[in-house]
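Single-structure report; data block below.
Nothing in this text is a laboratory measurement; each read-out follows from the coordinates by a stated rule. In this text, all values refer to a predicted model and were calculated from it rather than measured experimentally. Note that we place each Cβ from the backbone using ideal geometry, even for glycine, and neighbour counts take in every protein chain shown.
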Amino acid sequence: MKRMMGCLLVIGLVFLFAGSALAQEKLVQIVADGCKAEIQTYCKGVTPGEGRVLACLYAYQDKLSPRCEYALYDASVQLERVVNALTYVANECRGDLQAYCSNVKPGEGRLLDCLEKNKAKVSARCTQAQKDVGLKK
């Protein structure tokens, strides 16, 4: 049960603070497919968005099937990879972000767009980090 609470927490936090729309859609689909029966049984009246379905699943965590538990675990592992990649890029690009993008509001890819607009000035270290995690070719 503790692992399930951790998975749900990680999923909720990353949806709120990080991740691209495409990554979110993929993870939502993993949970939706794996927890379809539970969502239909326990959460059918819940309005999707802002983590409400995850909160509902959390409320019924003692009734989740192994398939649903695995889907939540799988989604949380993938999210952890995304968080680690974003942390790596943020650390490697810290100086460039401060120098060229300090006035840019984070979110929706704006910081990556800023780095791309300033690519001639961005450090090789930052550029390589973006390539390493697949944000840049």
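With each pseudo-label sitting 7 Å past Cα toward Cβ, what's the ASP74-TYR88 distance in nm, one decimal?
Here the modelled spin labels are 2.3 nm apart.
Around LYS26, with a cut-off of 13 angstrom between Cβ atoms, what is the net charge of the other residues, counting Lys and Arg +1 and Asp and Glu -1?
-2
At R0 = 22 Å, how high is the FRET efficiency between ASN118 and GLU50 if r is their beta carbon distance? Nearest 0.05 is fine.
On the way: r = 33 Å, r/R0 = 1.51.
Calculated value: 0.10.
With each pseudo-label sitting 7 Å past Cα toward Cβ, what's the ARG81-THR41 distance in nm, one decimal?
It works out to 3.0 nm between the two label points.
Roughly what would the spin-label model give for ASP132 and VAL104, points 7 Å off Cα along C-beta, in nm?
Here the modelled spin labels are 1.9 nm apart.
Taking a ≥ b ≥ c as the square roots of the Cα gyration tensor eigenvalues, with a/c under 1.5 meaning rounded and otherwise prolate when a/b beats b/c, else oblate, which class fits region 93-132? Write down the numbers at each step before the final one.
Values: a/c = 1.79, a/b = 1.39, b/c = 1.29.
It comes out prolate by the Cα gyration axes.
Between LYS63 and GLU25, what is 0.36 nm times their sequence separation minus the Cα-Cα distance? Round to one decimal in nm.
Values: separation 38, 0.36 × 38 = 13.68 nm, distance 2.49 nm.
Extra length available between LYS63 and GLU25 comes to 11.2 nm.
I want the local charge near GLU116. Using Cβ-Cβ distances under 12 Å, sum +1 for each Lys or Arg and -1 for each Asp or Glu among the other residues.
Numbers: positive: ARG110, LYS117, LYS119, LYS121, LYS136, LYS137; negative: ASP96, ASP113.
Computed value for this residue: +4.
What is the dipole size for region 93-132, taken about its Cα centre, with +1 at each Lys and Arg Cβ and -1 at each Asp and Glu Cβ, in debye to the nearest 20? Show your work: numbers first, answer last.
Working: 8 positive and 5 negative charges, 23 e Å.
That gives a dipole near 120 debye.
Go through region 73-137 and name the GluC sites (Glu not before Pro) that are in a DSSP coil and have 12 or fewer other Cβ atoms within 10 Å of their Cβ.
On the way: sites: GLU80, GLU92, GLU108, GLU116; in loops: GLU108.
Of the GluC sites (Glu not before Pro), the ones in loops of region 73-137 whose Cβ has at most 12 other Cβ atoms within 10 Å are GLU108.
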